[in-house]
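Since the structure comes first, as structure tokens, the remarks are kept for the end.
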Amino acid sequence: DTGVSQNPRHKITKRGQNVTFRCDPISEHNRLYWYRQTLGQGPEFLTYFQNEAQLEKSRLLSDRFSAERPKGSFSTLEIQRTEQGDSAMYLCASSLPRLPYEQYFGPGTRLTVT
Amino acid sequence: AQKVTQAQTEISVVEKEDVTLDCVYETRDTTYYLFWYKQPPSGELVFLIRRNSFDEQNEISGRYSWNFQKSTSSFNFTITASQVVDSAVYFCALSATPIQGAQKLVFGQGTRLTINP
């Protein structure tokens, strides 16, 4: 059984460009989470999907950020008009739909905005 | 609001020493979960343990042990006879029991543990 996978692992982009990250959860997990982790900090919750429905978004998720999970399987996180402050590690996690909803994390995508 | 505090930013010990990582949390929920995750240099968060708020029994797993004290809102993690492979950033996290919707994990700032040979 494979774990959560994320692509790309690293992304360097220039300010103002759009970027898209992909997350493939563990196959039977219907819950999917995105977190952002800046240097020296713990991860912070961004958004959550149950199947294809995006049920919750953090205030950290500005209108430049959009996430989708079109068929309830993989998810994408897009950042438009990137800013240097978007530089961070973007982590994806998935969990089963039952207590204790234990989250399994992927390796993350490290974004550097120059 | 929920909050997790890991007051120790960095700890450095010599191999084979015991080391304790502190975690203090704040929540108004009566039912909640506490977690410890390990983040090695590769970046992937590795789950170590989960505790629910009704289970104050301490747990030992090999060289790892956890001390949950509800009275002091603490969930400390001890590594006995540390090894170089234990070097990583360790995060304590808290979540409320979800009725619906997201089980958002609230993480502390992490403790960077360095085990020197």
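Quick one: A:K71, A:K11, B:K3, fewest Cβ neighbours within 10 Å first, how do they rank? Don't skip to the end; give the middle numbers.
Details: A:K71 8, A:K11 18, B:K3 12.
Neighbour counts put them in this order, fewest first: A:K71, B:K3, A:K11.
Across segment B:48-117, Cα-Cα pairs farther apart than 16 Å form 58% of the total.
Evaluate the charge dipole of segment A:51-104 about its Cα centre and quote only its size in Debye, nearest 20, assuming +1 on the Cβ of each Lys and Arg and -1 on the Cβ of each Asp and Glu. Can you show the working numbers first?
Working: 7 positive and 8 negative charges, 22 e Å.
Dipole about the Cα centre, nearest 20: 100 debye.
What's the longest piece of chain B with no exposed GluC sites (Glu not before Pro), counting a site as exposed if DSSP puts it in a loop and it has at most 14 other beta carbons within 10 Å?
Details: sites that count: B:E15, B:E17, B:E56.
Result, exposed sites excluded: B:57-117.
The residue list B:Q2, B:S61, B:T72 was ranked by how far each Cα lies along the charge dipole of chain B toward its positive end, using unit charges on Cβ atoms, and B:Q2 comes out on top.
Order these by the 10 Å Cβ neighbour count, fewest first: B:R51, B:R112.
Working: B:R51 19, B:R112 16.
In increasing order of surrounding Cβ atoms, one gets B:R112, B:R51.
Near A:R81, once Lys and Arg are set to +1 and Asp and Glu to -1 for all other residues with Cβ below 9 Å from its Cβ, the sum equals +1.
For segment B:1-78, report the % of Cα-Cα distances exceeding 16 Å. Can you show the working numbers first?
Details: 1675 of 3003 pairs.
Across segment B:1-78, Cα pairs with separations above 16 Å total 56 percent.
Loop-located chymotrypsin sites (Phe, Trp or Tyr not before Pro) in segment B:1-84 (DSSP state other than H, G, I, E, B) with a sparse environment of at most 11 neighbouring Cβ atoms within 10 Å: B:F54. Taking the charge dipole of chain B about its Cα centre, with +1 at Lys and Arg Cβ atoms and -1 at Asp and Glu Cβ atoms, the residue from B:C92, B:T31, B:I49 reaching farthest to the positive side is B:T31.
For segment A:4-70, the alpha-carbon radius of gyration amounts to 1.17 times the rule-of-thumb value 2.2 N^0.38 Å expected for a compact globular protein.
If you wrap a convex hull around the C-alpha atoms of chain A and split its volume per residue, what is the figure in Å³? Please report the intermediate quantities before stating the final value.
Values: hull volume 11.1 nm³, N = 114.
Cα convex hull per residue, to the nearest whole number: 98 Å³.
Exposure proxy for A:R98, A:R59, A:R36: other Cβ atoms within 10 Å of each Cβ, ordered fewest to most, give A:R59, A:R98, A:R36. Applying the criteria of a DSSP loop state and at most 15 other Cβ atoms within 10 Å to the GluC sites (Glu not before Pro) of segment A:44-77 yields A:E52. Under the convention that each Lys and Arg Cβ holds +1 and each Asp and Glu Cβ holds -1, the size of the dipole of the protein assembly as shown around its Cα centre is about 700 debye. Over all pairs of different C-alpha atoms, the protein assembly as shown has a mean inverse distance whose reciprocal, the Kirkwood radius, equals 18.3 Å.
Under the definition of Cα pairs under 8 Å and six or more residues apart, what whole-number percent is the relative contact order of chain B?
Numbers: 281 pairs, mean separation 44.0, N = 117.
Averaging sequence separation for qualifying contacts and normalising by length gives 38 percent for chain B.
In the elastic network of chain A, a GNM with C-alpha springs shorter than 10 Å, the most mobile of A:A93, A:A53, A:A67 is A:A53.
The mean sequence distance of close C-alpha pairs (under 8 Å, at least 6 residues apart), as a share of the length of chain A, puts its relative contact order at 37 percent. Dipole size of segment B:1-75 about its Cα centre, with +1 on Lys/Arg Cβ and -1 on Asp/Glu Cβ: approximately 200 debye, rounded to the nearest 20.
Read-outs: derived from the displayed coordinates by stated rules, not from any lab. None of these values were measured; they are calculated from a predicted model. Neighbour counts run over all protein chains shown; Cβ positions are idealised from the backbone, glycine included.
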